[in-house]
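For reference, the structure is listed below as structure tokens.
Rule-based calculations on the coordinates, nothing more; no lab input. Everything numeric here is computed off the predicted structure, so don't read it as measured data. Cβ: placed from backbone, ideal geometry, glycine included. Neighbour counts: every protein chain shown.
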Amino acid sequence: MMISANLNTYLVIAAVLLVIGIYGMVQHRSLIGMLISSEFILNGAALNFMAFNSFVAPNPAVGQIYTLFIMGIAAAEAAIVVSIIIAVYRKYQSEDPEELQDMKM
Amino acid sequence: MIVFEYIAEILFYALVCLTFTGGIVAVRAKLLMHAVLGLAATLFGVAGLYFHLGSPFLAMMQILIYVGAVCIIIVMGVMLGNTPDQLAAKNLTGRNLPLALLACLTGFVSLFVATIIRTEFTVATEKVGDMSIEFVGENLLLQYCLAFELISVVLLTAILGAIILARGGREGKTS
């Protein structure tokens, strides 16, 4: 049986994407690095939806709509986070998350 | 006919390698620009996986939205944010390394052993429709209209919020 026509393969790939995202989220020392890692987590979720959509689900449009929704959320999140990073950088002159100790702008 | 299946299988392996390599580059890179490059490689790989899953439409959307929009926004953030060099050098020797490894080991083992291996997913007995764009569009605009409207409101709010947050330009610089 072809490994690319198996549901578990895609689930493992999505789990690895999630794990890469968690690793980067914990280890990265800059806000933009953490933003990049969050994109990995979102992509793992979207790949999960697509895998279940094409192998299990009765209606093959639902998973695609979910994935489009996740893409829209990710675009909105990236725009917001980048503008927050610019505002934070203007205030603190730094991107190190550990230097951002108070929320007062 | 069988030759094409083997070619598709080889392409699948190549896409998985591209995805994982991009991920490792993105989390281990010293420069943030290289991390964005790794992210773009991963997104291309995932787009190819969508193609394998039978949805060319979503593969194109992935390349258009993620690689074309999100990565460019992040590159803008990198260039405007200007990470100092010593912070970039600290990126690899962060003291969070054991914690990060522990977190991902726990996450992967719990997902893999507890969920993926032990669960038997029941396949739906009858399927309606197909993976085509027409069917997706019909569902999106008729049955799942709320998701369509909701995502447009979310995007509008995000654009307004981004404008308000980043307003003021460089004259607001205080230190």
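Take each residue in B:52-59, count the other chain C-beta atoms within 10 Å of its C-beta, and the mean is 6. Given region B:128-167 reduced to its alpha-carbon atoms as identical point scatterers, what log10 I(q)/I(0) does the Debye formula return at q = 0.15, 0.28 Å⁻¹? Rounded to two decimals, the profile gives -0.50, -0.86. Between the alpha-carbon centres of region B:48-72 and region A:47-92 there is a gap of 12 Å.
Using Cβ point charges alone (K and R +1, D and E -1), the dipole size of the protein assembly as shown about the Cα centre works out to roughly 920 debye.
Rounded if a/c is under 1.5, else prolate if a/b beats b/c, else oblate: with a ≥ b ≥ c from the C-alpha gyration tensor eigenvalues square-rooted, which is chain B? Before the final figure, lay out each step's value.
Working: a/c = 1.92, a/b = 1.29, b/c = 1.48.
Judged from the Cα gyration tensor, chain B comes out oblate (a/c at least 1.5, b/c at or above a/b).
Taking a ≥ b ≥ c as the square roots of the eigenvalues of the Cα gyration tensor of region B:1-85, is the shape rounded (a/c under 1.5), prolate (a/b larger than b/c) or oblate? Could you put the intermediate results ahead of the total?
On the way: a/c = 5.15, a/b = 1.97, b/c = 2.62.
In terms of gyration-tensor shape, oblate.
Summary value for chain B: 15 percent relative contact order, contacts being C-alpha pairs under 8 angstrom separated by 6+ residues.
Of the residues B:PHE57, B:PHE121, B:PHE108, the one that moves most in a GNM of chain B with alpha-carbon contacts below 10 Å is B:PHE121. In this simple spin-label model, placing a label point 7 Å from the Cα along the Cα-to-Cβ direction at both B:ARG167 and B:THR21 gives a separation of 4.6 nm.
Once the piece of chain linking B:ALA14 and B:ALA124 is laid out straight, how much longer is it, given 0.36 nm per residue of separation minus the C-alpha distance between them? Display every interim value, and only then the final one.
On the way: separation 110, 0.36 × 110 = 39.60 nm, distance 3.03 nm.
Result for the pair: 36.6 nm of gain on full extension.
Model label points for B:LEU31 and B:LEU141, set 7 angstrom from Cα along the Cα-to-Cβ axis, are 4.6 nm apart.
Please say if region A:3-99 is rounded, prolate or oblate, where rounded means a/c under 1.5 for a ≥ b ≥ c the square roots of the C-alpha gyration tensor eigenvalues, and otherwise the choice is prolate for a/b larger than b/c and oblate otherwise?
oblate
Comparing B:SER132, A:PHE49, B:TYR6 along the charge dipole axis of the protein assembly as shown, the residue lying farthest to the positive side is A:PHE49, per the Cβ-charge model. Entry note, region B:1-85: relative contact order of 24 percent, from Cα contacts under 8 Å with a spacing of 6+ residues.
Here the dipole of chain A is about 160 debye; that uses its Cα centre as origin and unit charges on the Cβ of Lys and Arg (positive) and Asp and Glu (negative). Result for chain B in a Gaussian network model with C-alpha springs under 10 Å: among B:GLY161, B:GLY77, B:GLY48, the largest mean-square fluctuation is at B:GLY161.
Taking 7 Å along the Cα-to-C-beta vector as the label spot, tell me the B:ILE72-A:MET2 distance in nanometres, rounded to one decimal. Each label point lies 7 Å from its Cα, and together they span 3.4 nm.
Across A:LEU68, A:LEU18, A:LEU47, mean-square fluctuation computed from a Gaussian network of chain A (C-alpha pairs under 10 Å connected) peaks at A:LEU68. At an R0 of 45 angstrom, the distance between the Cβ atoms of B:TYR6 and B:ASN96 translates into a FRET efficiency of 0.55.
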